[in-house]
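Okay, structure first, notes after.
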Amino acid sequence: MHDRTKTLFIETVGCQMNVLDSELVVGSLRRQGYELVHDATAADVVLFNTCSVRAHAEEKIYSALGRLRRHKRDNPEVVLGVLGCMAQKDQEEVRRRAPHVDMVVGTGQLARVPELVEEVKRTREPQYALSLGRTDGGKQEVAASFESFDPPRDASMRPTPFQAYVRIQIGCDKFCTYCVVPATRGPEQSRHPDHIVAECRQLAGEGCKEVTLIGQTVNSYKFDHGDGRRSRLSDLISRIHDIAGIDRIKFVTNFPKDMTDDLLDAVRELPKAVKYLHVPVQSGCDDVLKRMKRLYTVGSYREMLHRSREKVPGVAISSDFIVGFCGESEKSFEKTMDLVHEAKFKNSFIFKYSPRPGTKADDLYADDIPEEVKKRRNNDLLAVQNVNSLEDHKQRIGDTVEVLVEGPSKVGERQPAGVRQLTGRTMTDHIVVFDGHDRLIGQTLTVHIREASPFTLYGAAETGEVPGGELTPRDVESKAPAPRRSLPVL
Ligand code: 5AD
Ligand code: SF4
């Protein structure tokens, strides 16, 4: 039986930043004796770590809060908290639409969660902890109100013990007209490289093999040491590269204009740097990019693509797109289709424009593209991307790749432990599934690629292991998935 007064449920939506924030909040509550449970109604503290990037993500949270209304009424001792972007941006609305919420904690105040939980329990009064709005004070003052929450890590809270996100920057100063992030995450601030390196060392000591450095515009990372020295992302990666035990270094998300040669040179030269760049372009039309205030043209993005591929041979590049942005004509959209067709992205994340109150685009432009048109454009773009992804994957059939094994695939999760379908990623971030023993999880394996779908490569592991004496390398190979006609569910 759980101690009913020390159980915690947390639901996380949104980006890697939120996943990391939740990991750290859970870690800090566990240190206070809380135990994680997977049913909200069985928990004494129920937290939602929220996302505001699109309206849909917010509505999901309001629905979840609505479903808990009666539970909270019947169990008034339960502490219900809204954390993250929605909390920072819409505290008033959260209070109005979900008055049964006890705690509203913004992205820059998460370190206070344990203290606020205790305060709610003690006083039964709602608690609010928010950073300043972007126009509520001077830049320094606003920046200081957003704390980077990076306490000592709790290895057991990571999705896998051998992979970790490491925050290197918080906030964003780009102010793309459609985006809430500069409001929800505050001014761009880079962490001290010594602190980042120390965190990576600690992670390596705990058996972590892969670190993913995260920031909203991670390649804009810069830290002024105050004595004339300045650290860039390339310098930081070089330092992390020297840490024994760390085998792979990734970084997301990149801003196209800040893709400098020193960074590309570092990615090429440093063997542990993953040869993968996520560089969202958002649109293939200059007029749209201008209204989005993305600060580059399609021509300069193409130049960046070309330069990246020239400097880092074999690099895989992926992108994000927003379809149906204000005033996106059929002609504008065709230009985006052309770009996707030609750019050969490894994959693309495609979103329908969602107007966000408080953003420049919402103030200045009408959301004039009907939902059906947004949907159609989304599907059309995805279809072109899928053709390219399949093409890219097919070219990899016959390749031998190094795969960091992450765990059972979706198929493997439904199979008994032992030998089952596992999934992992290559040095170019391609997903590979293959059959193997669970004890391979966390290892880097050589895998021969045999089959391809638009989303997945299928391979056979080369292993000298004879797990439990039950399986020879040949057995592993013979268990490689048969060619598939339909797309596997991963
Ligand atoms: N509507 C739709 N998509 C958005 N994104 C950011 N803001 C919006 C919005 N208002 C997308 C962008 C970004 C990704 C994380 O989310 O493509 O790169
Ligand atoms: Fe949002 Fe633009 Fe900043 Fe990305 S760069 S977080 S899209 S404002």
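None of the figures in this text is laboratory data; all of them are computed from the coordinates on show. Just so it is clear, the model here is predicted, and its values are computed rather than measured. Glycine gets a Cβ as well: all are built from the backbone with ideal geometry, and neighbour counts include every protein chain shown.
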Where only C-alpha atoms are counted, convex hull volume of the chain per residue in Å³:
166
Sorted peptide list for 382-391, 452-461, 35-44, criterion being average Cβ within 10 angstrom, highest first
452-461, 382-391, 35-44
Within the set of other residues whose C-beta is less than 13 Å from the C-beta of residue 169, count the net charge using Lys and Arg as +1 and Asp and Glu as -1.
+2
Under the 0.36 nm per residue contour assumption, what length would be gained going from the current alpha-carbon distance of residue 290 and residue 73 to full extension?
73.2 nm
I'd like the distance separating the alpha-carbon centroids of the range 113-181 and the range 226-247, in whole Å.
24
Computed from every Cα-Cα pair in the range 51-98, P(r) in 5 Å bins starting at 0 and rounded to whole percents is 5, 20, 31, 25, 12, 6, 1
Rounded to the nearest 500, what is the 222 nm mean residue ellipticity of the chain from helices alone, with -39500 (n - 2.57) per DSSP H run of 4+ residues and division by all residues?
-10500 deg cm²/dmol
Taking the chain as a whole, which cysteines find no other cysteine Cβ under 4.7 angstrom from their Cβ?
15, 51, 85, 172, 200, 208, 285, 326
Neighbour-count ranking for 45, 142 (other C-beta within 10 angstrom, fewest to most) reads 142, 45
Highest mean packing first, using Cβ neighbours within 10 angstrom, the peptides 357-366, 299-308, 214-223 sort as 214-223, 299-308, 357-366
